[in-house]
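To start, the structure itself, in structure tokens.
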Amino acid sequence: MPKMPAFVCFLLVLMALQLSNCQASQRNYKITLKDGRQFQCRGEPRFIRKTGYYRYHTYQNREAMLRADEVLMIEDMGS
């Protein structure tokens, strides 16, 4: 089996670290509704103009939706 040059190995390790960094840098958000209920989510909620809903991912990695007219605010909670 031929050996890989050290530079190629270094680049592969660097790319793997960068990829894991991208996944770990996803920010957390808190959605507060007008009635006071709060929902926390991973990644920024996306507004779907066609349906009038916000789509987001829960901490259980499930997709969920909330009606935009019920949302009071969306706060960035950091990572």
Go through the range 57-79 and give me each residue that's within 17 Å of residue 34 (Cβ to Cβ) and not small (Gly, Ala, Ser). 65, 66, 67, 69, 70, 71, 72, 73, 74, 75
State the number of residues belonging to the range 65-79 that are surrounded by 13 or more Cβ atoms within 10 Å (Cβ to Cβ) and among the charged types (D, E, K, R). 1
Out of the residues in the range 20-48 meeting the condition of being outside any strand (DSSP E or B) and at pLDDT 95 or above, tell me which one is nearest to the chain's Cα centre (by Cα). 37
Considering only residues of the range 31-64 that are out of contact with any Pro (no Cβ under 8 Å at 6 or more places or on another chain), surrounded by 14 or more Cβ atoms within 10 Å (Cβ to Cβ) and not hydrophobic (A, V, I, L, M, F, W, C), which is farthest from residue 76 (Cα to Cα)? 53
Which residues, taken from the range 49-71, are of a type in the set (Asp, Glu) and within 16 Å of the chain's Cα centre (by Cα)? 63
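The values are calculated or read from the model by the stated rules, or taken from the named source; none is laboratory data. This one's a predicted model, so the numbers in the text were calculated from it and none came from an experiment. Note: ideal-geometry Cβ built from the backbone for every residue, glycine included; neighbour counts use all protein chains shown.
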